[in-house]
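The values are calculated or read from the model by the stated rules, or taken from the named source; none is laboratory data. The model shown is predicted, which means the values in this text are computed figures rather than measured ones. Here Cβ is always computed from backbone atoms with ideal geometry, including for glycine, and neighbour counts include all displayed protein chains.
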Amino acid sequence: MSRERVLQFGPSGRLIGILCEPIDATLGRSKPAVLLSNVGVSHRVGPFRLNVHLARRLAAQGYYSLRFDFAGLGDSEASPDGGSETDRAIAEASAAMDLITVRTGIDRFVMMGLCSGADKTHIVATTDQRIVGAAFIDGYAFTTWRFNCRRLTLRLLELKRIKVYIKHRWKDLQRRLLRLPKPSQAYEPTVIQPPREQAEADLLAMAQRGVKQLHLYTISVDTVYNYADQFWHMYPALRPHRSSIISERYPQVDHTLSIVAMQKIIVERLCTWIGLV
């Protein structure tokens with residue numbers, strides 16, 4: 001059970017969030033609060049109501065959480081101020097934490113994000129000392145030699161993959177011969193993935209600061225991440241911090257957690273992990 005309140009915060013109250021409170025408020029104030037935000041351009045409820053289910057499950061464990069929309073998304077008004085997407089994400093997440101602290105006294109936070117939400121979680125957790133835990137679903141990923149070997153092997157063994165590869169190469173050859181322009185990308189990320197070295201340095205700095213980390217990867221990102229230990233091969237500098245960093249691959253789960261049974265698995269995993277933060 002939980003109580004939920006719609007709140008406005010940030011400059012001129014432009015940002016909208018829903019504070020999910022545990023019934024036992026006293027117990028909740030001894031734990032870190034949880035920040036849940038948009039996935040891409042989706043509303044703060046998350047894909048297939050992921051953030052709603054997660055917030056209410058966390059409340060049952062005694063955690064406060066705030067699921068909110070960044071400026072210009074969902075119910076939050078667009079920001080009239082300039083600045084980069086990165087700077088705005090940091091400022092708006094900071095405002096969300098300030099709001100929770102004023103209302104509850106909690107000054108430690110865990111931030112969770114999926115896809116572009118993981119990008120913003122990375123940014124905020126790197127810069128804000130109040131973050132003590134960060135969970136990433138399909139966050140940054142970089143290919144390795146083992147990834148390439150596995151991917152090539154799978155392509156050679158699966159006829160369907162071979163057909164798709166030949167089809168794409170044939171279309172590309174036609175485009176070049178006819179001097180046609182490259183097709184435009186359907187989606188342009190607002191936060192650009194950093195180089196591998198920078199991502200590793202950021203995660204290492206978090207670990208050295210004591211930030212607990214959970215990195216989950218689904219089958220939907222197998223074009224860049226396709227085996228269980230790839231995380232440790234991408235980021236060898238993080239290996240001494242295995243006690244505070246967990247990485248897991250879920251080949252049965254899709255990117256938006258659209259299957260109810262699979263979403264429950266991820267929600268339970270997140271809730272179990274946060275109990276250790």
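Values computed for the structure shown
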read-out: Some residue of the stretch 243-260 being touching a helix residue (DSSP H, G or I) at 6+ places or on another chain (Cβ under 9 Å) and part of a helix (DSSP H, G or I); value: yes
read-out: Test result for Ser94, modelled with pLDDT of 95 or more, within 18 Å of the chain's Cα centre (by Cα), surrounded by fewer than 24 Cβ atoms within 10 Å (Cβ to Cβ) and among the polar types (S, T, N, Q); value: yes
read-out: Residue satisfying condition, being touching a residue at least 40 places away in the same chain (Cβ under 8 Å) and at positive phi, within set Leu203, Leu257; value: Leu257
read-out: Residues that are out of contact with any strand residue (DSSP E or B) (no Cβ under 6 Å at 6 or more places or on another chain), touching a residue at least 60 places away in the same chain (Cβ under 8 Å) and either of a type in the set (Lys, Arg) or not in a loop (DSSP other than H, G, I, E, B) (or both), drawn from the stretch 37-87; value: Pro47, Phe48, Leu50, His53, Leu54, Arg57, Glu85, Thr86
read-out: Scope the stretch 47-64; condition surrounded by 20 or more Cβ atoms within 10 Å (Cβ to Cβ) and closer than 11 Å to Cys271 by Cβ; matching residues; value: Leu54, Ala55, Leu58, Ala59, Tyr63
read-out: Members of the stretch 228-249 found to be at pLDDT below 95 and not aliphatic (A, V, I, L, M), listed by number; value: none
read-out: Pairs where the first residue, in the stretch 149-172, is on the phi > 0 side of the Ramachandran plot and modelled with pLDDT of 80 or more and the second is not aliphatic (A, V, I, L, M) and not in a helix (DSSP H, G or I), C-beta under 8 Å, 6+ apart; value: none
read-out: Yes/no for Gly40 being more than 13 Å from Lys120 (Cβ to Cβ) and not acidic (Asp, Glu); value: no
read-out: Test: residue in the stretch 108-124 that is touching a helix residue (DSSP H, G or I) at 6+ places or on another chain (Cβ under 9 Å), assigned to a helix (DSSP H, G or I) and surrounded by fewer than 20 Cβ atoms within 10 Å (Cβ to Cβ); value: no
read-out: Residue match in the stretch 215-222 (condition: modelled with pLDDT of 80 or more, among the aliphatic types (A, V, I, L, M), in a strand (DSSP E or B) and surrounded by 14 or more Cβ atoms within 10 Å (Cβ to Cβ)); value: yes
read-out: Considering residues of the stretch 23-75 that are under 16 Å from the mean Cα position of the chain (by Cα) and of a type in the set (Val, Ile, Thr) only, the residue farthest from Gly133 (Cα to Cα); value: Val41
